[in-house]
Amino acid sequence: MCCGGSAWEMLRRGLIRNIPWAVLLLLAASSAVADTAAFDLIGPRVEMTATHGGKTLPISEVSNLQAGDRLWIQTDLPADESVHYLLIVGFLQGPTNPPPEKWFTVAETWDKHFRQEGMVVTVPRGAQQALALLAPDTGGGFSAVRSAVRSKPGVFVRAARDLNSASVERLRLDTYLNTVESTSQSDPKDLKKNSALAARTLGIKLDQDCFNKPIEQQESCLVQGNEQLLLQDNSQSMVASLTSGPSADLIGAVSSTPIAHSGYYSPYIGSVVDLVRIMGSLHSPNYEYIPALSIPSEEKVNLRLNSPPSFHSPKSVLVMGLPPVDTAQAPEIRALDPKQEYCLDKSSLVLPVTGAPLAFATHQGHDFFLQIKDKSGNDVKLPATPDAERGGFVIDTSSLKPGELDASVEGTLEGQWGFQNFKGPTFRFQSARLTTWTVPEAQQAALVAGHDGTLDLHSSAAVCVESVEMQYAAAKPVKVKWSVDKSDELKMTLPLAGETPGAFKLLVTQYGLAVPDAVTLRAYVDEAKLERFRIHAGDSHGELIGARLDEVASLELNGIKFTPEKTADSNSDGGLLLSTSNAQAATALKAGSELTAHVTLKDERVVDLPTTIALPRPKVSLMSVSVQSGTTASFVHLGNSQELPQDGSVVFALKSEVPAEFPRTEKIEVATADGSSDVMLSVDRGNLILQDAQSLLATLDPLKAFGPSAFGALRFRPVSHDGSEGDWQPLATLVRIPMLKEVHCPPTASDSCTLTGENLYLVDAVASDPSFGHSVSVPFGFAGTNLTVPRPDGTLLYIKLRDDPATVDTVALPVLPDAQ
């Protein structure tokens, strides 16, 4: 109790104020419950062993007793103790069947012979439960206690069961709390991992919100509210009025308060209320019965009491539970992941398990080992130790010799549960050995210098990897972060962000091996980002779409090699034209065929692109071209029928070849050679007129379509409704013609003349003969209206237009004398 007093004592001393009397009545009861739950009073210590079939075990390793088993018991009480205790061991045969008197054995703990030899009792046939009682000697005490047990066997059957249950649960919780405390003190950063592992193996609920708190607050958070920690409570209260409904809620609330001081063990409220009420029902003028919780350690059993024993009438009889008399029931220990493989060469090998909190909280399971077979088929036993903090059984592999085992083996967890043999789950193992690691080709090709890269290494020895390092040439190796996601796969991130293109090695070290496995890889320059290869049926060329196309060396499609038509620069985005010299094979590709294009980069990587052969591109043939001159060409005779005056027009006849009939949705695109000006002619706009299903007339007004700045070679191509474009074909040369007016010449024949007009900058050169033997050039940027020219041959001059300097045009103008 708090400060050594009861709830009534706390009230008397003024420690509780302003609490309704109804609550105080329950507080009085719950105070006793809380103290019982705490079991924080140190009681006497008892030493015990059990012998079954000639084998003796310390009591901490005994899970159950059977008829014929021999119990050796000795108390560890001070020799000068003023009150002498009787040690009474009794066996029960169920709640409704009083046991025979001969099933009770008594020893005087102050007797010299007992102090030296202890007492031995044999479990009688038909017994189902066992109890040990320590009763103050009052003369006739043995008969009184035996009579009490025989008169109400059901009470003691229930007490024995609840005491065993409470002891086990306390051990579970103690183990968890010890893990939290020790980890918090030794390495607080591991608290989340270790407490989670311990909670899983011990069946403890874990409050994940605790890990959102500062490290120094996490320990107290993890152990608070411990009435909710245990995932299941094996006890069932017999006192419904105190363990269910509003009363239970109030008791639970009070038990968690500092006043009640229930401490860590309020999970036992149900069992404790039962025990308090049950023991209270046995009150007599001479004796009262109080429960004693057993905390076994090897042969010793440390008793913990819920309240101080009384040495005045009624005197306190300590009741402690002994292992149940029943057949052994070992827990079903299961592998956490039955498919997982483990490395036998790992010095800190842990086999994660679930389903057996008792294996980690008690020593009822003992002498565990992992049994495997060596290459010769002989059994090899490796010691196994349950460790809640590490989440499983720790296997001692130090006795294994190199090469003793096959590469892959299976092993079974075995041992003893009490006196019975125990056989647990089977695990799969790998042994460390030099191995070949494989890397997916796509991942190899994706390793780019300057960017961290992800990589999967595959080998059956993956679980035996201890470390991975990356090494460039003679540079110092750097650590690589990795994880084993599958038994045959390592996932890692390679620190390539600061590296240059080139070869490097991964050094994969396995447990127990001095020489690492070396995996040679290459970091490439940033690869081309390829989207698709577009090729039409009937074509011997196609377009590769993507970025960094300067890295492309060639492309292979259906055995046909394509190469770039020109070298792309490093900033090239969009498309790269590739063509093949095997035009016959290329044009035989069928529309709709689904193929794979293999793109070879300049660093020899190969990138695969799914490719579908598109429908043939549209194709038309030019049947005729008719150029209509404009008003500016009245004094100029164009020397080439393909020259199209800017203010003129052109009508050209076309015939559809692919498809055979010209679709009304198809268009004709006309553009300058440099692509600076273009226009779409269509049936809907009226500048395409169908003559029949195959042929059509196209009309172009260049000044209206392109504006006054367009000039040079014009070309056209068909464009289908889905955007497929045919080949460009030449149409005409668009020229701008200056407005020429007249020529003025002086009387002297050797003197030059003057040409007058507008837009003379459109003229490249002027000559008096068609061979341009006597000519003058018009300088760039000329903005005048008068130009000095050679004397005409009669009325004729010859000019070359700036928009088509390869053609000689003829000019016929009036030649007038200079004004004097």
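The values are calculated or read from the model by the stated rules, or taken from the named source; none is laboratory data. Since the model is a prediction, treat every value here as computed from it, not as a measurement. Don't worry about glycine lacking a Cβ; one is built from the backbone with ideal geometry, like all the others, and counts go over all protein chains shown. Surface areas here come from the heavy atoms of the whole protein model, side chains and all, with no ligands, DNA or RNA. Shrake-Rupley method; radii C 1.70, N 1.55, O 1.52, S 1.80 Å.
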Considering each of 754, 788, 807 in turn, give the residue that is within 30 Å of residue 714 (Cβ to Cβ), of a type outside the set (Phe, Trp, Tyr) and part of a strand (DSSP E or B).
-> 807
In the stretch 749-769, is there at least one residue being surrounded by fewer than 19 Cβ atoms within 10 Å (Cβ to Cβ), closer than 20 Å to residue 638 by Cβ and of a type in the set (Ser, Thr, Tyr)?
-> yes
If a residue has to be out of contact with any Leu (no Cβ under 7 Å at 6 or more places or on another chain) and either of a type in the set (A, V, I, L, M) or surrounded by 14 or more Cβ atoms within 10 Å (Cβ to Cβ) (or both) to count, how many in the stretch 701-720 make the cut?
-> 9
Residue pairs within 9 Å by beta carbon, gap of at least six or interchain, first lying in the stretch 400-428 and at positive phi, second open to solvent by 30 Å² or more (accessible area, probe 1.4 Å) and polar (S, T, N, Q), listed first then second, are 415/421; 418/364
In the set 353, 394, the lone residue that is in a strand (DSSP E or B), more than 24 Å from residue 165 (Cβ to Cβ) and either touching a helix residue (DSSP H, G or I) at 6+ places or on another chain (Cβ under 8 Å) or of a type in the set (A, V, I, L, M) (or both) is 394
Enumerate the pairs (first residue in the stretch 763-780 and assigned to a loop (DSSP other than H, G, I, E, B); second residue anywhere and loosely packed, with under 14 Cβ neighbours inside 10 Å and not aliphatic (A, V, I, L, M)) with beta-carbon separation below 7 Å, excluding pairs fewer than 6 apart on the same chain, so at least 6 apart or on different chains.
-> 768/793; 769/793
Residue 252: surrounded by fewer than 20 Cβ atoms within 10 Å (Cβ to Cβ), over 30 Å from residue 147 (Cα atoms), touching an Asp or Glu at 6+ places or on another chain (Cβ under 7 Å) and at pLDDT below 55, yes or no?
-> yes
So, in the stretch 421-443, of the ones that are surrounded by 15 or more Cβ atoms within 10 Å (Cβ to Cβ) and out of contact with any Asp or Glu (no Cβ under 8 Å at 6 or more places or on another chain), which residue ends up nearest to residue 394 (Cα to Cα)?
-> 425
Looking at 651, 679, 658, 683, which is the one that is under 28 Å from residue 808 (Cβ atoms) and among the aliphatic types (A, V, I, L, M)?
-> 651
Any chance the stretch 511-528 includes a residue that's closer than 30 Å to residue 478 by Cβ, hydroxyl-bearing (Ser, Thr, Tyr) and either surrounded by 17 or more Cβ atoms within 10 Å (Cβ to Cβ) or touching a Leu at 6+ places or on another chain (Cβ under 7 Å) (or both)?
-> yes
So which residues in the stretch 119-151 are among the small types (Gly, Ala, Ser) and either at pLDDT 95 or above or under 60 Å from the mean Cα position of the chain (by Cα) (or both), if there are any at all?
-> 126, 127, 130, 132
Wholly inside the stretch 584-700, strands (runs of 3 or more DSSP E) that include 1 or more residues that are under 52 Å from the mean Cα position of the chain (by Cα), at pLDDT 95 or above and crowded, with 16+ Cβ neighbours inside 10 Å are 594-601, 606-612
What residue, among those in the stretch 721-746 that are assigned to a strand (DSSP E or B) and open to solvent by 70 Å² or more (accessible area, probe 1.4 Å), is farthest from residue 637 (Cα to Cα)?
-> 725
Inside the stretch 60-99, the number of residues satisfying the requirement of being in contact (Cβ under 8 Å) with a residue 60 or more places away in the chain, over 18 Å from residue 121 (Cβ atoms) and either of a type in the set (S, T, N, Q) or buried (at least 17 other Cβ atoms within 10 Å of the Cβ) (or both) is 3
Would you call residue 565 under 19 Å from residue 610 (Cβ atoms) and open to solvent by 10 Å² or more (accessible area, probe 1.4 Å)?
-> no
Among the residues of the stretch 100-151, write down those that are closer than 24 Å to residue 313 by Cα, open to solvent by 60 Å² or more (accessible area, probe 1.4 Å), among the charged types (D, E, K, R) and not in a loop (DSSP other than H, G, I, E, B).
-> 108, 150
Quick one: is residue 35 part of a helix (DSSP H, G or I) and either within 55 Å of the chain's Cα centre (by Cα) or at pLDDT below 95 (or both)?
-> yes
Of the candidates 200, 158, the one satisfying the condition of being part of a helix (DSSP H, G or I) and open to solvent by 40 Å² or more (accessible area, probe 1.4 Å) is 200
Enumerate the strands (runs of 3 or more DSSP E) found wholly within the stretch 518-579, keeping only those where 2 or more residues are closer than 30 Å to residue 480 by Cβ.
-> 529-534
Looking at 370, 382, 400, which one is open to solvent by 20 Å² or more (accessible area, probe 1.4 Å), more than 29 Å from the chain's Cα centre (by Cα) and aliphatic (A, V, I, L, M)?
-> 400
If you go through the stretch 180-189 one residue at a time, do you hit one that is under 28 Å from residue 62 (Cβ atoms) and open to solvent by less than 60 Å² (accessible area, probe 1.4 Å)?
-> yes
